[in-house]
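K.L.:
First the structure, then my questions, so here it is.
Read-outs: derived from the displayed coordinates by stated rules, not from any lab. Remember, it's a predicted structure, so these values are computed and weren't measured experimentally. So basically every Cβ, Gly included, is an ideal-geometry build from the backbone, and we count neighbours across all protein chains shown.
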Amino acid sequence: MNLIVLTPERKVFEGEITSVKIPGITGQFEVLRNHAPMVSALGEGSVRIIQKGGENKTFKIERGFIEIIRNEVALLVQSVEE
């Protein structure tokens with residue numbers, strides 16, 4: 001599946017992933033391939049990405065939203081701390 005992470009200033013990440021774990025406003029959840037379509041608010045916390053080749057990438061976000069449609073995942077966040 002494809003992931004893009006955007007802040008108002010820049011594109012933080014774009015690429016193929018196998019999973020992403022994000023901080024929802026009521027707790028962390030993980031998105032895997034063929035996840036149901038959804039839009040959800042995100043809280044502050046860590047995002048963990050596992051890229052298609054197995055490489056891990058982790059960073060902190062400050063609130064935002066996630067949108068999932070047909071294995072396309074978009075994180076729209078206020079800021080990222082790498």
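K.L.:
Just one of the numbered conditions (1) farther than 18 Å from G15 by Cβ; (2) touching a strand residue (DSSP E or B) at 6+ places or on another chain (Cβ under 6 Å); (3) not β-branched (V, I, T) is not true of E67; which one?
P.N.:
So E67 meets the others, but not (1).
K.L.:
So, one more: Specify which of the listed residues (R48, R63, R10, R33) is at positive phi and of a type in the set (D, E, K, R).
P.N.:
R63
K.L.:
In addition: Is it fair to say G64 is under 11 Å from the mean Cα position of the chain (by Cα), of a type in the set (G, A, S) and farther than 11 Å from L3 by Cα?
P.N.:
Yes.
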